[in-house]
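Single-structure report; data block below.
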Amino acid sequence: MNSDGAPNTPGASDKGSQETKPKRVRTGCLTCRERHLKCDEGRPSCNNCIKSNRVCKTGVKLNFIDTNIKQPPVVMTPALYGEVFFQDESRDIASEYKGGLEKYALSNREHAQDYQSRDMVSQNGYSWSAPNDSMGPPTHAAAPQPLPPMQSMLPAYGIQEQANVHHAGYDRQQPREPSHQHSHSHSHSHSHSHSHSESTYSGSNPHGEPAEEVSRSKEYLDSQEEVLFMQVFVEEVGLWMDSMDQTKHFSRLLPFHSLKEPMLLNAFLACGARHLALVNPKYSEEKALHYYDMATQHLLAALQNPERDTVICATTAVILNVYEIMCERALQRMNHIAGARALIKECQWNATTKGIGGACFWLNVGMEILSCLHFNWQVAWDPDDWGLDMNMSRETENNREELWTYRIVYIVAKVCNFRASIPEPSGLNQTDKRHRMERRIEEWDHLKALADQWNQCIPRTMHPMAYLYPGQTISGSMFPEVWLIKRTSIVARLFYHTCMCLLAQTHPARPPTDQAMAGMLQSHSRFICGISAHVKDRGVASVALRSLAIAAESLTDRREQEEVLQIFDKIRQETGWRVGFLNTELKEKWGWPKEDENPIPLSAAVNQNLSMNYQQQTVQAPTALPPAPQQAPARARPPQGIVNPMYAGADFHLPQHPYQQHYVAPNPGFQVSNALNGQNGQNGYDPNAHPGHQSHHQAPHGNYY
């Protein structure tokens, strides 16, 4: 009987087989499959093989394509160490599935090999002595020569030896027990407040396994996670950190030194993990917080040792400050900003310093200038105290673009101070106002002459290689295509055109609507937009963002404004930086209507915005100035026109200095003597190039640098 109650007669069965197609089977014998017959899956032999007196073959059939070639299509290049190593990750992949790891458990022989190899590593460091048929990393004997000490990249004055840093009661490679609560009491004003993540790091990865603590020196990175984060740092974050450094310390040299410095390595991994979390939502920021926390603990522990390596401490603080800048609401999370500058000051690094000291100094100063451009602040460290040679004459030598980039950074810093000092002090009489106006006009003329002289004297490689008008570009952009080859040249030109835009907006006696000022502003603004619209180097994104925001304020054409917003969106997709607030600010300055509001004419809105700086410094009575329209700001902004407040206590000689309760002054007797100046002089260091103990501190960018 079938399920419907009908008898199972042969006729009914034949009829049913004619109406329905036989169901394919996947586990039949190979013999039936070759004969294209339906197998009944009988064991040990199916009925078809028994009837035809054939061998019933079972198993999995693999099809191979036989291709005869005379010469291999690809020539394999020899490996770096003359061998090719294979890594079996099948168990790692299987462990991601429920019950997968148990199904592919290690055999007894593999367990023994794994234990033996781990024992070899623990006893002999990284001198692997595995069997001949085993695959593994290159042996220590095959490794290249060790790197020179970090001091070879540093000036000898104001640093300490790194060779004999083993002292009683202190071990630099053993941090205190991690708390992962982000409550390091640097000072009363340096408490961690990572608002972008309510949960603290719980010490677990996506697979539920605790993350390995980076607290030992390495010969090479041996963790897949560490390799990924370091690659992201080198290829993305270090790219723009080295934008003004010819030697590329952060992306080419320091990663190797970080293998011996857990503090430095954790800082690099934190930045790489943070960038990855910004651009890829699949990655959590918990890993970045973990490495940041570990690097901070290493740094705080080192600051309590008077015989510490001040070079490593200062470099780590600068990198941790970069991590904080990459976070949302960066102004609320500047735990290392004042500390980074105070440590730079302790090392006595300035514009004349070569090597890693110079790289940290210019990165620190460059980031402060970008923040001052955004918040309209004065630079905390007077550019005249940098010690930079500003005797400019027409360049005749090659490969000196970085020096000219430093000079335009100096000029931009001076213009920042000039713009931030526009508000007129109260209580001045008419005579004082007239004298102040004369002094400011004279200062404006001096800054304009400096910028013009810079543009005339720079080498040819810092001028555009090509210039295409908007109608000639393949991209169909509304802006000209300005092609500059070297990264530092792109950064320098962006700073130069930004400087000219600010000068056009801040002339003491001529408003931005003046024909000469308006022409100057429009010309340089379109240069900035043209460079930003066509540049393919992500290493200049930080400077391009701030320059583009300043240049875009003067645009009146709706199509140009929309293209600027598209450029911001492209940078956001490539870097992950939060730049949405720039769109909002620009739309307000352009007079774009909000919902249920009447639009403001574009030209009137832009001219009103550009005239505000001029109106603030005119000698007219305050009653003659129309009040600015009261608009609710999209977000709270610090006061303008002040000295950068983030560096108020950036000096270890002040009572409220950074890293309260952790900082111990270094031992002067442990510093390298001046006798080592000759050794470092081979790297371009001038022992007489340190004029004194200067103050220079890294500033907060907005949450987009």
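The values are calculated or read from the model by the stated rules, or taken from the named source; none is laboratory data. On a predicted model such as this, the values are computed, not experimentally measured, just so you know. Backbone-built Cβ (ideal geometry, glycine too); neighbour counts: all protein chains shown. The accessibility values were calculated without ligands, DNA or RNA, using every heavy atom of the protein model including side chains. Shrake-Rupley method; radii C 1.70, N 1.55, O 1.52, S 1.80 Å.
Expected output is a single nm value to one decimal: the length gained when fully extending between V55 and T396, i.e. 0.36 nm times separation in residues minus the C-alpha distance. What is it?
Details: separation 341, 0.36 × 341 = 122.76 nm, distance 8.75 nm.
Gain on extension, V55 to T396, equals 114.0 nm.
How much accessible surface does R341 have with a 1.4 Å probe, in Å² rounded to 10?
0 Å²
Can you give me the C-alpha center-to-center distance between region 28-59 and region 473-522, rounded to a whole angstrom?
Each part's Cα centre sits 81 Å from the other's.
Once you place label points 7 Å from the Cα toward the Cβ at R510 and Q472, how far apart are they in nm?
2.9 nm
Given 0.36 nm per residue, what is the gain on full extension from D389 to Q453 after removing their alpha carbon distance, in nm? Mind showing how you got there, number by number?
On the way: separation 64, 0.36 × 64 = 23.04 nm, distance 1.42 nm.
Stretched fully, the D389-Q453 segment lengthens by 21.6 nm.
Once ligands and nucleic acids are excluded and a 1.4 Å probe is used, how much of L447 is accessible, expressed in Å² to the nearest 10?
0 Å²
Any idea which of I369, Q430, N417 is furthest toward the positive side of the dipole for region 334-438, if Lys and Arg beta-carbons carry +1 and Asp and Glu beta-carbons -1?
Toward the positive end, the furthest listed residue is Q430.
Calculate one ³J(HN,Hα) per residue across region 574-589 by plugging θ = phi - 60° into the Karplus curve 6.51 cos²θ - 1.76 cosθ + 1.60, and present them in order as whole Hz with x for glycine and proline.
Running phi through 6.51 cos²θ - 1.76 cosθ + 1.60 with θ = phi - 60° gives 7, 10, x, 5, 7, 10, x, 5, 5, 4, 5, 5, 5, 4, 5, 5 Hz.
Ordering Y410, Y469, Y291 by how much accessible area each has at a 1.4 Å probe, largest first, what is the list?
Sorted by accessible area, descending: Y469, Y410, Y291.
Probe radius 1.4 Å, ligands and nucleic acids left out: which of R216, R440 has the largest accessible area, and how do the rest follow? Let's see the in-between values first.
Details: R216 90, R440 15 Å².
From most exposed to least exposed: R216, R440.
State, to one decimal in nm, how far the label point of Q246 lies from the label point of Q522, with both points 7 Å from Cα in the Cβ direction.
Each label point is offset 7 Å from its Cα along the Cβ direction, giving 4.0 nm.
About its Cα centre, what dipole magnitude does region 450-518 give when the only charges are +1 on Lys and Arg Cβ and -1 on Asp and Glu Cβ, stated in debye to the nearest 20?
On the way: 5 positive and 3 negative charges, 49 e Å.
My answer is approximately 240 debye.
Take region 468-560, compute every pairwise Cα distance, and split them into 10 Å bins from 0; I just need the percent in each bin.
Histogram of Cα-Cα distances, whole percents per bin: 17, 48, 29, 6, 0.
Accessible surface of D389 in the full protein assembly, 1.4 angstrom probe, to the nearest 10 Å²?
Result for D389: roughly 80 Å² accessible.
Largest first, what is the accessible-area ranking of Y220, Y283 with a 1.4 Å probe? Present the calculation step by step, with values, prior to reporting the outcome.
Details: Y220 60, Y283 90 Å².
Per-residue accessible area, sorted high to low, gives Y283, Y220.
Given a cut-off of 26 Å, name the pairs among K354/K486; K260/K354; K282/K570; K248/K536; K414/K570; K486/K570 whose C-alpha atoms lie farther apart than that in the structure shown. Mind dumping the intermediate values first?
Working: K354/K486 21 Å; K260/K354 22 Å; K282/K570 20 Å; K248/K536 19 Å; K414/K570 31 Å; K486/K570 21 Å.
Cα-Cα > 26 Å for K414/K570; rest within.
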